């Protein structure tokens, strides 16, 4: 689905403030994968995802998404952006129409679809993200923070992208709103076999949701592996300014105290299962 070959990106190339944001990146992401992307501020995460739908062009190297070469001058990037949906941080700030319906319909309308198809897509997208039908005729600015976030995501989904990229989709939400958004994203991924890339500062979220985790560090790929293998490298993650999930730190501490727990426990459910079995083994 996504291939990057020797991709680099340099800001203000040739100027006094030249900065290399990405340096010789090579990646392959399969169709239907859920990829978590983590890294400290300035690691290259945002530059990377903006290149995947053509907002930025690499200084060198090649990018292919869904069989389309993004670095080919003949490529129609407008069509690419219908296939690769990018939800930036705080997407509700981009809501502007009179009603939620019109906001969600904005993308499909620009695709040149007829009114019946637009209505069908708006209703499907709204239902997918959990927006009640009665909210569609409200002003988007009358919605709660979580509802506005879902409306913004629905606007991207209505274009039926094959790749969905989300940059910190739960930033600023309360715990209930955060969990609701993440549940909807995972549900969409599973039901629609969509390739999802989730940028997050939450180790817990990527551990729980991702098939593989891409760790960025100073413009390089530091790691790209399963959550279990990534979070086994707790010392290296700490060196580059990242943490492992809290539950991993707790179970590592218990193991050092003598509890027979395996390495790489990174979800609460896994921790409960392993600790319960360890206590049963001790007759407790």
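Suppose we filter the range 126-152 for residues that are out of contact with any helix residue (DSSP H, G or I) (no Cβ under 7 Å at 6 or more places or on another chain), under 12 Å from residue 97 (Cβ atoms) and either at pLDDT below 90 or part of a helix (DSSP H, G or I) (or both); how many remain? Residues flagged as out of contact with any helix residue (DSSP H, G or I) (no Cβ under 7 Å at 6 or more places or on another chain), under 12 Å from residue 97 (Cβ atoms) and either at pLDDT below 90 or part of a helix (DSSP H, G or I) (or both) within the range 126-152 amount to 1.
When residues in the range 112-162 are screened for being within 24 Å of residue 195 (Cβ to Cβ) and under 19 Å from the mean Cα position of the chain (by Cα), 18 of them pass.
Within the range 252-271, which residues are under 24 Å from residue 206 (Cα atoms) and more than 27 Å from the chain's Cα centre (by Cα)?
Across the range 252-271, the qualifying residues are 252, 253, 254, 255, 261, 262.
Taking the condition more than 18 Å from residue 40 (Cα to Cα), without any contact (Cβ under 8 Å) to a residue 24 or more places away in the chain and buried (at least 20 other Cβ atoms within 10 Å of the Cβ), does residue 185 pass? Taking the combined requirement at face value, the residue does not satisfy it.
Residue 190 falls short on exactly one of the conditions (1) assigned to a loop (DSSP other than H, G, I, E, B); (2) surrounded by fewer than 20 Cβ atoms within 10 Å (Cβ to Cβ), and that condition is (1).
A quick yes/no check of all residues on (1) closer than 25 Å to residue 122 by Cβ; (2) touching a helix residue (DSSP H, G or I) at 6+ places or on another chain (Cβ under 6 Å); (3) in contact (Cβ under 8 Å) with a residue 60 or more places away in the chain:
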residue	(1), (2), (3)
36	no, yes, yes
42	no, no, yes
55	yes, no, no
62	no, no, no
70	no, no, no
74	no, no, no
81	yes, no, no
92	yes, yes, yes
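In the range 16-26, the qualifying residues are those that are exposed (fewer than 15 other Cβ atoms within 10 Å of the Cβ) and farther than 14 Å from residue 3 by Cβ, and the one that is farthest from the chain's Cα centre (by Cα) is 16.
The values are calculated or read from the model by the stated rules, or taken from the named source; none is laboratory data. A quick note: this is a predicted structure, and the numbers were derived from the prediction, not measured. All Cβ positions, even for glycine, are placed from backbone atoms using ideal geometry, and neighbour counts span all protein chains on display.
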